[in-house]
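Trainee: Just passing along the structure, written as structure tokens.
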Amino acid sequence: MHSTLPSDIRRSTLRLAVAAVIVGLVIPLLPVFGGDGLGKFIFLQGLPMRLLILYFLRWWGGAFVAVVGIWFLKRDRAGPAGGVFLAVGLVVAIGVAGEVL
């Protein structure tokens, strides 16, 4: 499936996707908040490397998949890019719903 998007829609979609990836990469690097307010950064928590890797894979997995969607957009493949973005959105929505419930 190969479809061509107008350049202004393609650029705005690309900007939005890049902004989402940047936010997704920065969130796990913010300080961890606890009951007593501002906590330490994740690197200063004293966790073993194995748990740090799991923590970053959990948070950065969606961002890495979104990079694949951006790659599809750069190659002017709107169909696969839309599918990738939809899949990332569904996984994030299910994860949020699972934590809330």
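The values are calculated or read from the model by the stated rules, or taken from the named source; none is laboratory data. All values reported here derive from a predicted model rather than from experimental measurement. Cβ sites come from the backbone with ideal geometry, for glycine too, and all protein chains shown count toward neighbours. Only protein heavy atoms, including side chains, enter the accessible area calculation; ligands, DNA and RNA are left aside. Shrake-Rupley method; radii C 1.70, N 1.55, O 1.52, S 1.80 Å.
Trainee: Considering only segment 10-30, state which residues are of a type outside the set (G, A, S), without any contact (Cβ under 8 Å) to a residue 24 or more places away in the chain and in a helix (DSSP H, G or I).
Mentor: Listed by number, the residues that qualify are R11, R15, L16, I22, V23, V26, L29.
Trainee: With the checklist (1) modelled with pLDDT of 85 or more; (2) open to solvent by less than 70 Å² (accessible area, probe 1.4 Å) in hand, flag the one item A63 doesn't pass.
Mentor: A63 satisfies every listed condition except (1).
Trainee: So which residues in segment 72-91 are open to solvent by 80 Å² or more (accessible area, probe 1.4 Å) and in a helix (DSSP H, G or I)?
Mentor: If the condition is that a residue be open to solvent by 80 Å² or more (accessible area, probe 1.4 Å) and in a helix (DSSP H, G or I), then K74, L86, L90, V91 are the ones that fit.
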